[in-house]
Amino acid sequence: MLSRLGSSNIFKSLLTAALLAGVFLISAGTITYLAVRGRTVEVPNVVGKSKEAARQELDDAGLRMDVKSEAQNDKAPANAVIDQSPPAGTIVKTGQIVRVSVNRAPAPPAQNSQK
């Protein structure tokens, strides 16, 4: 059987552990909130830029780039961005993904192999 002094020490230890856990959870929640909230930026216009230049400009703005598709467009240079989402000028949080469509390089002309 535990003495009153022994049970009092156990209670104090449990109370201290609970307080430390509470402080930890509040601190972790605050840090997570501030990290997720982040700052906002305006999405730059990367349409018409090369895929590499677009990625660099988005990186500089704190955004990420994802190539959602490649399409053939005879009016744009090969490997140039032809569409983006969200559009330029949209205010977003840093770290957001900007999805782009890239102009596929034209297929090489078919070679006529006559023997």
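Just so you know, all these numbers are worked out from the coordinates, no wet-lab data involved. Everything numeric here is computed off the predicted structure, so don't read it as measured data. Heads up, the Cβs are rebuilt from the backbone with ideal geometry, glycines too, and the neighbour counts pull from every protein chain shown.
Key figures
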quantity: Residue match in the stretch 59-74 (condition: of a type in the set (S, T, N, Q), touching a helix residue (DSSP H, G or I) at 6+ places or on another chain (Cβ under 8 Å) and closer than 16 Å to Val102 by Cα); calculated: no
quantity: Residues of the stretch 81-95 satisfying the condition of being without any contact (Cβ under 8 Å) to a residue 40 or more places away in the chain and either in contact with a Ser or Thr (Cβ under 6 Å, 6 or more places away or on another chain) or not aliphatic (A, V, I, L, M) (or both); calculated: Ile82, Asp83, Ser85
